[in-house]
Amino acid sequence: MVLGLLGLGAVGVVTGSSVQGGLSRLLAPVQLRDPTGFTSLVPLGNTWRYYSVTGSVRPRDATSYRLKVSGLVDKPATYRLPDLQALHQTAFTDDFHCVTGWHVPDVPWSGVRVADLLDQAAPTADAVGVRFHSFDGTYSVNMTLEQARADDVIVALSMYGKPVTHDHGGPVRVYSGSMYGYKSTKWLSGIEVVRHNDPGYWEDRGYPLDGFIGE
Ligand SMILES: Nc1nc2c(c(=O)[nH]1)N[C@H]1C(S)=C(S)[C@@H](COP(=O)(O)O)O[C@H]1N2
Ligand SMILES: [Mo]
C-alpha cells in the first residue's frame with residue numbers, strides 16, 4: 001500500500017515534505033519501480049516520486065496535445081506535438097533535484113529550448129517573465145525571461161531516450177537543469193509571457209522564487 005503510493009506508476013499523491021520525510025525515515029532502502037520498468041533495491045534518495053497537486057490528470061496524446069505561447073508577445077503561437085518534434089531538439093544529461101531532498105542522477109533529457117520558443121514569439125519590451133501553465137488546471141510557476149532563456153531550460157519531449165510518460169508530465173513537461181523540480185511544470189499547456197515575476201503554486205506555499213539548486 002505504502003510502496004504503491006511511492007511507486008512511479010502508482011496513482012497516488014505525495015503532497016509535501018513532511019509526508020516525504022516521514023516515509024523516507026520509515027522505508028529506506030525499499031523496492032521501487034524505476035522509469036525503465038525494472039525493480040531494484042535502492043536507497044530511497046535516488047528514485048523518482050510521482051508528484052501531482054491535483055490527483056489524477058487526464059492524459060493528452062499526439063492528437064489532443066497543444067502548447068500555447070501567449071501573453072506579451074508579438075507572435076503568439078499554438079504548437080501541436082508534431083510541431084514541437086519538428087523544431088531543433090536540444091539534448092543533455094543532468095540530475096533532477098526535488099527541494100524536499102531526493103534527487104535522480106544522470107537523466108538524459110531532450111526537447112526544445114524555451115529560448116527558441118521565446119525567440120519565435122518575440123516578447124514585447126515590457127515583458128519581464130514567463131508563466132508556465134499545466135493542463136492539470138492548477139499548477140503554474142514563473143521564471144524571469146532571462147532564467148527561462150538559459151541553455152538548460154527546455155520543453156522536454158523525451159527522458160531516457162523515450163517520450164516523456166504521462167506520470168512524468170508528458171507528453172511535454174518543462175525541465176530546468178539548474179533549478180529544483182518544482183520549477184519544472186509537468187503536463188505543460190502554456191507559456192505565457194508576463195509583466196511580473198509572480199510566485200507560483202509552491203512558491204505561494206513557501207518555496208523560493210528563484211529555485212536554484214543549492215541556494
Ligand atoms: N503540474 C505539476 N507539475 C509539477 C508538480 C506538480 O505537482 N504538478 N510537482 C513539481 C515537483 S515539486 C517536482 S519535484 C517534480 C516531480 O516530477 P516527477 O513527478 O516526474 O517526479 O514535478 C514538478 N512539477
Ligand atoms: Mo519537488
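Values in this text are rule-based calculations from the coordinates and carry no lab data. Please read all numbers here as calculations on a predicted model, not as lab measurements. Neighbour counts are summed over all protein chains in view; Cβ atoms, including those assigned to glycine, are modelled from backbone coordinates with ideal geometry.
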How high is the FRET efficiency from V128 to D74, r the C-beta distance, R0 22 Å, rounded to 0.05?
0.90
For the stretch 67-205: span of alpha carbons on each principal axis (Å, largest first)
38, 37, 26
Sorted by Cβ density within 10 Å, fewest first, the residues M143, M159
M159, M143
For K68, K162, K186, ascending order of other Cβ atoms within 10 Å (fewest first) is K162, K68, K186
Residue-count net charge about H88 - beta-carbon cut-off 13 Å; Lys, Arg +1, Asp, Glu -1
-3
Difference of contour (0.36 nm per residue) and Cα-Cα distance, T165 to Y201
10.7 nm
Length gained when the stretch A150-A62 is fully extended (0.36 nm per residue, less Cα-Cα span)
29.0 nm
Once every Cα of the stretch 48-144 carries one equal point scatterer and solvent is ignored, give the base-10 log of I(q)/I(0) from the Debye formula at q = 0.14, 0.17, 0.23 Å⁻¹, two decimals.
-0.72, -1.06, -1.42
